[in-house]
1. Treat the count of other C-beta atoms within 10 Å as a stand-in for reagent exposure and order ASP102, ASP109, ASP245 from fewest to most.
2. By count of other Cβ within 10 Å, fewest leading, how are SER101, SER135 ordered?
3. Compute the distance in nm between two label points, each set 7 Å from the Cα along the Cα-to-Cβ direction, one at ARG342 and one at GLU86.
4. Going by a ≥ b ≥ c, the root eigenvalues of the Cα gyration tensor, does region 109-257 fall in the rounded group (a/c under 1.5), the prolate group (a/b larger than b/c) or the oblate group?
5. Pop a pseudo-label 7 angstrom from the Cα along the beta-carbon direction at both ALA349 and LEU271 and give the gap in nm to one decimal.
6. Sticking to Cα atoms, compute the Rg of region 154-242 to one decimal and its Dmax as the biggest Cα-Cα distance, whole number, in Å.
7. Treat the count of other C-beta atoms within 10 Å as a stand-in for reagent exposure and order TRP324, TRP149 from fewest to most.
8. Please give, to one decimal in nm, the separation of the simple spin-label points placed at ASN369 and ARG333, each 7 Å out from Cα toward the Cβ.
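Rule-based calculations on the coordinates, nothing more; no lab input. None of the values given here were measured: they were computed from a predicted structure. For neighbour counting, all protein chains shown are included, and Cβ atoms are generated from backbone atoms with ideal geometry for every residue, glycine included.
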Amino acid sequence: MQLFLAASQITGCASSALYRSRHKNVSLLAISSAALTKMGKQSLRALAVRENRGCEQAKMWAKVLSAPYSFETVNIAEPVESDVPEGHVLLRFLAAGMCGSDGPFYRGDPDPWGTGKGAIPGGPVHEIVGEVVFSRSPHHRVGDRVVGWASQCDGLQEYVISNGEGLYKYNSSLDPKQAMLLQPLACVIYACELLGDVREQHCAVLGQGPIGVLFSHVLKNAGAGKVTGVDRIDRRDIAAKFGVDDPQFLSSGAWAAKLGVASSNTRNGWLGDDRNSERPQVIVEAIGHQTSTLNHAIQAVRPRGQIYYFGIPDDNYYPINMDWMLRKHLTLRSGVTLDRRRVLALADAYLGKHPELAGDYVTHTFPANEAAEAFMTAFTPDIGQLKVVITA
């Protein structure tokens, strides 16, 4: 028995990327069913690529941040298998999320890393959910649905090449927009590991947006005795869902001012201040993108406490009140997420224990052709709004 397969339905002209069917320029391959079983999907796609070398390379859509707050759709060449380095995979786009670190690029600020690359197709998105259509990674097979990092920050395009070390195969029963939760959750879990044991401690999270509520939830479930959530957007209606005991509808500066400063700016003044019992022992600064909020955390935290600064800074240098750091005996932590496949697996296990998060977290979805509206929504916080996701 022979199966006649449309090569373009397997891969498309000169591309190992494609699952979707094409209805023109179809060439046929006659392959025995036994050979099909032996070859497997990936080898079959590679064969179809070789059989279609002569036809024009297929095109795919990509979004380009062409100007501040403005996206354009461009058609560019689809990747072919030779474009995929060792250890990498080729993904078909399923969903993407907006991260706060996308904000400077979206606003048109200078590249904070000074790469000089400018706008790239698919940029600046790195939070991605996709389906593996070609793999050179030992961790991922064709057909896997994965979540994690678009390693070149080019996730907003039809097909994406990404490092397999930053991706994790999630349970395919999850909708892609729900699976998007796992990437930011993995970042939060990694940060909370660095904080150490928080059992019975008073923890505060500055900012109760998409990242801040995850910090509140993870800290509470790690045994924090009390979780305070601070935000200038009123989050009191969702506070309990995310483990917040003490929602504060205030700016971080106004909240820190309520706690005041020591009457004497000396070691003994801070250590002996009678308001210390009201101060959190741990503060996570999850607002970012400004220098003042970090100093609010330094002012508000209890002596001998610790602060975690989360996120990519917009500026290379942050002025902080070093005198308070010294006299309060504080510890300041930060870091980018490492061990990504490991912490994505931990995030998957965490979601398994707290499945309600999947329904509470993503509040807005947009199709890819409305990327500009999605970004505008994501960077305009509002009551009732948390994670904004773009879907295929």
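1. Working: ASP102 23, ASP109 13, ASP245 16.
By the 10 Å Cβ count, ascending, the order reads ASP109, ASP245, ASP102.
2. Values: SER101 18, SER135 22.
So the ranking, lowest neighbour count to highest, is SER101, SER135.
3. 2.4 nm
4. Details: a/c = 2.41, a/b = 1.67, b/c = 1.44.
It comes out prolate by the Cα gyration axes.
5. Each label point lies 7 Å from its Cα, and together they span 4.0 nm.
6. Final numbers for Rg and Dmax: 15.5, 47 Å.
7. Details: TRP324 18, TRP149 22.
Ranking TRP324, TRP149 by Cβ neighbours within 10 Å, fewest first, gives TRP324, TRP149.
8. 4.7 nm
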